[in-house]
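The structure under discussion appears below in the form of structure tokens.
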Amino acid sequence: MKKIAYIIAGLFAFGVSSCSDMLEVDSSSQLSGQDINNKTDSVFYTFGIMSAMQQLADAYVLQNELRGDLVKLTSAADLDLQELANYSADGTNAYDSAYVYYRVINNVNYYLAHRDTTLADGSTNLVTNEYAAMLSFRAWAYLQAVRQYGKVKYITHPLTSISDIESDNSPELDIYQLTTELISGLEKYSGLPVPNYGAIDCGSGNNSTVGSKNVNSNQSFIPVDVILGELYLERGQEGDYLRAAQHFYTYLNNNAASMYVQPLSGATIMDWFGNRGTFPMPSDFPMVSYSYFSWGDLSFTDQSVDIVSQIPMAQNYMRGNTTNLPLLYGYNYYTANEDSLYTTVQIVPSGNYFSIADSTDCYYQSTIVGTGGQLTFNYFRGRDVRYYETYSEHITPDSVSYRMRKFDRANVILYRSSTIWLRFAEALNRAGYPDAAFAILKDGLKSSLTSSNDYLSPETVTLLSTTMPILSPTNENDQYFLQNVGIHSFGAAHGESVTTLGINNGPIGGTRTPYQMDTIVGNKMAQIAREYKVAVGNTKADTINAVEDLICDEYAMEFAFEGTRYSDLTRLARRKNREAPASYGTNFGGLWFATKMAYKNPAKALDVEANWYLPFK
């Protein structure tokens with residue numbers, strides 16, 4: 001792959017000169033007088049890698065979202081965006097560049113080659129978690145690259161000259177070979193926390209609506225167990241799903257105090273009464289949203305505990321790398337003229353996004369009736385409330401425009417607490433525990449489930465009480481897990497008791513909520529049979545496939561527009577080709593993927609896996 005020579009050329013510089021201005025990057029500069037084996041100076045190299053992450057942020061999001069099924073382009077979109085979206089992009093496309101991933105990889109390789117891993121302060125090693133964090137950066141960058149390109153050259157040493165590049169004979173690996181290599185280098189670091197260098201000042205914005213921004217440096221790293229879980233999910237060989245689940249559990253348990261998921265309450269819950277007219281809803285539906293700002297309440301805070309990992313961008317051009325993403329969605333984040341905040345929109349939600357959002361099963365009760373406190377349930381199929389959090393109206397005397405709020409703070413989110421829980425659900429489902437996966441959607445995993453549920457199997461209770469003891473009341477983090485709610489309830493009530501301020505998550509009067517596994521999974525099976533014209537049975541394999549599709553829909557509502565959709569769809573499609581029931585056909589995953597993309601009128605036949613990938617550039 002000779003093009004690698006041009007991609008890697010020029011990747012050797014580490015910009016930045018201090019922690020406070022790490023976002024002020026000059027890619028042509030070299031650090032001088034810095035010792036990579038000095039504890040303080042090594043931070044400069046670490047921030048240099050973070051700046052390389054900033055420079056890939058837009059490409060990462062656009063490659064994943066435009067080549068997914070949740071967005072469409074307006075007539076204002078430029079030709080490069082159009083070609084990326086309809087799978088006709090060639091080597092000249094502005095958004096197709098493996099360069100951005102290899103910049104991270106080569107900078108990490110330089111760090112790994114020169115960092116002394118034996119440095120210690122007494123018996124405490126000063127390097128280990130920083131070293132592991134660098135491996136995680138590299139693994140993440142390689143994983144994104146191979147997802148987009150199908151095969152990549154696996155380089156583990158720094159290339160510091162043109163002759164190095166021209167003589168390099170590193171192997172070219174596919175997604176299964178590459179994940180195997182990456183796993184082997186990371187496993188021994190499982191359980192390590194990410195480094196923490198304190199708060200990072202990202203500067204002040206150019207207008208009063210933006211303001212200043214600080215981010216926690218530990219949110220700029222990728223936890224080892226999270227990327228290991230991703231790698232095992234992607235590889236999907238025998239035993240890998242249980243291994244993936246174990247790594248996600250390890251991270252959840254080690255960080256339980258900030259990883260439980262529940263709606264906010266009181267004044268912090270979004271009141272979307274004004275939006276109700278845009279979609280029919282029952283008149284007695286609660287006036288407060290069931291949904292917590294599950295993408296981190298990004299428009300109001302910078303340090304949300306919901307964020308596990310992100311790429312923070314500068315607040316203005318003078319401070320360093322900025323992002324074009326808000327502008328593509330019609331919001332001029334960096335303007336100094338507050339009269340021009342809203343501009344021409346190039347990317348909007350697709351019909352597929354609205355189809356998922358508008359077919360949400362909502363079970364709710366607005367009052368408690370009777371002296372025994374029995375619940376009266378109501379049902380409607382309506383719009384997932386997360387839509388209103390994600391896409392808001394901007395009304396002027398002359399027009400109504402929409403603002404996509406995921407980039408309100410001009411950061412690119414990589415992982416959130418709900419990401420980890422839903423990845424955990426995906427892993428448990430394919431490991432043979434679809435009931436555990438459904439519990440994450442319906443109730444949230446917690447020890448009270450073992451006595452109150454009627455759908456967890458004994459095998460599942462045993463697994464989650466011993467190997468991954470999240471259901472065990474003796475787990476030291478039980479107090480946190482008990483606060484979990486089902487992630488589906490972020491966007492649609494399914495039986496909780498509503499008060500004027502929020503949600504009472506406990507069952508009242510023992511009434512069985514209608515949101516049940518047999519009903520919801522049965523509905524999804526019927527949908528699969530209808531949409532893909534396949535013979536769906538009632539086997540465990542059918543159940544696992546249906547639960548996986550429920551998780552995929554939940555991904556759409558939780559993570560829309562953030563930069564994961566294409567990678568999520570292709571991972572699931574490859575798996576369905578390998579593992580779907582035989583009656584679905586040998587290329588069910590390809591059919592499944594192509595059907596979701598049909599509205600794009602793609603330039604290639606997307607039921608063929610080879611046509612999913614970008615040309616390597």
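So, in region 439-450, exactly how many residues are open to solvent by less than 10 Å² (accessible area, probe 1.4 Å) and assigned to a helix (DSSP H, G or I)?
4
In region 407-438, which residue that is among the small types (Gly, Ala, Ser) and within 20 Å of the chain's Cα centre (by Cα) is surrounded by the fewest Cβ atoms within 10 Å (Cβ to Cβ)? Steps first, please.
Initially, region 407-438 is screened for residues among the small types (Gly, Ala, Ser), giving 410, 417-418, 425, 427, 431-432, 436-437.
Then drop every residue that is not within 20 Å of the chain's Cα centre (by Cα), which leaves 410, 417-418, 425, 427, 437.
Working: Ala410: 24, Ser417: 21, Ser418: 23, Ala425: 27, Ala427: 26, Ala437: 28.
Once the filter is applied, the top-ranked residue is Ser417.
For the subset of region 564-603 comprising residues that are in a loop (DSSP other than H, G, I, E, B) and within 18 Å of Ala89 (Cα to Cα), which member is least open to solvent (accessible area, probe 1.4 Å)?
Pro602
So Ala560 fits all but one of (1) open to solvent by 10 Å² or more (accessible area, probe 1.4 Å); (2) modelled with pLDDT under 95; (3) under 22 Å from Glu230 (Cα atoms); what number is the exception?
(1)
In the list Arg138, Arg103, which residue meets the criterion of being modelled with pLDDT under 95 and surrounded by 15 or more Cβ atoms within 10 Å (Cβ to Cβ)?
Unique residue meeting the criteria: Arg103.
From the list Gly191, Gly185, Gly229, Gly198, which one is touching a Phe, Trp or Tyr at 6+ places or on another chain (Cβ under 6 Å) and of a type in the set (Gly, Ala, Ser)?
Exactly one of Gly191, Gly185, Gly229, Gly198 is touching a Phe, Trp or Tyr at 6+ places or on another chain (Cβ under 6 Å) and of a type in the set (Gly, Ala, Ser), namely Gly229.
Could you tell me which residue of region 67-84 is most open to solvent (accessible area, probe 1.4 Å), considering only residues that are under 17 Å from Thr344 (Cβ atoms), assigned to a helix (DSSP H, G or I) and among the hydrophobic types (A, V, I, L, M, F, W, C)?
Taking region 67-84 first, the residues under 17 Å from Thr344 (Cβ atoms) are 71-82.
Subsequent filtering for residues that are assigned to a helix (DSSP H, G or I) retains 79-82.
Now narrow it down to the ones that are among the hydrophobic types (A, V, I, L, M, F, W, C): 79, 81.
On the way: Leu79: 110, Leu81: 0 Å².
My answer is Leu79.
How many residues are closer than 30 Å to Ala59 by Cα and among the hydroxyl-bearing types (Ser, Thr, Tyr) when one looks only at region 530-581?
Counting residues in region 530-581 that are closer than 30 Å to Ala59 by Cα and among the hydroxyl-bearing types (Ser, Thr, Tyr) gives 5.
Please go through (1) open to solvent by less than 10 Å² (accessible area, probe 1.4 Å); (2) assigned to a helix (DSSP H, G or I) for Arg243 and return the number of the only condition it doesn't satisfy.
(1)
Scan region 455-482 residue by residue and report those that are without any contact (Cβ under 8 Å) to a residue 12 or more places away in the chain and either of a type in the set (S, T, N, Q) or surrounded by fewer than 17 Cβ atoms within 10 Å (Cβ to Cβ) (or both).
Pro458, Thr462, Thr466, Thr474, Glu476, Gln479, listed by residue number.
Exactly one condition in (1) modelled with pLDDT of 95 or more; (2) open to solvent by 10 Å² or more (accessible area, probe 1.4 Å) is not met by Leu62; state its number.
Failed condition: (2).
Scan (1) among the small types (Gly, Ala, Ser); (2) modelled with pLDDT under 95; (3) surrounded by fewer than 17 Cβ atoms within 10 Å (Cβ to Cβ) for the single condition Ser97 breaks and write down its number.
Single failed check for Ser97: (3).
Kindly provide the set of residues from region 173-219 that are open to solvent by 30 Å² or more (accessible area, probe 1.4 Å), under 27 Å from Thr570 (Cβ atoms) and among the polar types (S, T, N, Q), ordered by number.
Gln177, Thr180, Ser184, Ser190, listed by residue number.
Could you list, ordered by first residue, the pairs with Cβ atoms under 6 Å in which the first is in region 177-206 and part of a loop (DSSP other than H, G, I, E, B) and the second is of a type in the set (Asp, Glu) and modelled with pLDDT of 95 or more, at least 6 apart or interchain?
Every condition considered, the pairs that remain are Ser190/Asp225.
Return the only residue of Thr160, Thr92, Thr156 being open to solvent by 40 Å² or more (accessible area, probe 1.4 Å), at pLDDT below 90, on the phi < 0 side of the Ramachandran plot and part of a loop (DSSP other than H, G, I, E, B).
That would be Thr160, the only listed residue that is open to solvent by 40 Å² or more (accessible area, probe 1.4 Å), at pLDDT below 90, on the phi < 0 side of the Ramachandran plot and part of a loop (DSSP other than H, G, I, E, B).
So Ser29 passes all but one of these: (1) within 28 Å of Glu166 (Cβ to Cβ); (2) of a type in the set (Ser, Thr, Tyr); (3) at pLDDT 90 or above. Which condition number does it fail?
If we test Ser29 against (1) within 28 Å of Glu166 (Cβ to Cβ); (2) of a type in the set (Ser, Thr, Tyr); (3) at pLDDT 90 or above, just (3) comes out false.
Would a scan of region 282-297 turn up a residue that is part of a helix (DSSP H, G or I), within 24 Å of Tyr60 (Cβ to Cβ), open to solvent by 20 Å² or more (accessible area, probe 1.4 Å) and modelled with pLDDT under 85?
No, region 282-297 has no match at all.
Would you please list the contacts, defined by Cβ atoms under 8 Å and residues six or more apart or on different chains, that run from a residue in region 597-612 that is touching a residue at least 60 places away in the same chain (Cβ under 8 Å) to a residue that is open to solvent by 70 Å² or more (accessible area, probe 1.4 Å) and of a type in the set (Asp, Glu)?
Listed by first residue and then by second, the contacts come to nothing, as the list is empty.
Might you let me know whether region 510-519 holds any residue that is open to solvent by less than 20 Å² (accessible area, probe 1.4 Å), of a type outside the set (A, V, I, L, M) and part of a helix (DSSP H, G or I)?
no
Of the conditions (1) free of Cβ contacts under 8 Å to residues at least 40 places away in the same chain; (2) in a helix (DSSP H, G or I); (3) surrounded by fewer than 20 Cβ atoms within 10 Å (Cβ to Cβ), Asp542 clears all except one; give me its number.
(3)
Identify, please: which residue in region 220-239 is surrounded by fewer than 21 Cβ atoms within 10 Å (Cβ to Cβ) and without any contact (Cβ under 8 Å) to a residue 40 or more places away in the chain and is, among those, farthest from Lys151 (Cα to Cα)?
Result: Gly239.
Would you mind finding the one in Tyr197, Tyr131, Tyr176, Tyr189 that is hydroxyl-bearing (Ser, Thr, Tyr) and over 26 Å from Gln246 (Cβ atoms)?
Tyr197
The values are calculated or read from the model by the stated rules, or taken from the named source; none is laboratory data. Treat the numbers as computed from the prediction; the structure is a model and nothing was measured. When we count neighbours, we look across all protein chains shown, and the Cβ atoms used for this are built from the backbone with ideal geometry, even at glycine. Remember, those area values only see protein heavy atoms, side chains included, never the ligands or the DNA or RNA. Shrake-Rupley method; radii C 1.70, N 1.55, O 1.52, S 1.80 Å.
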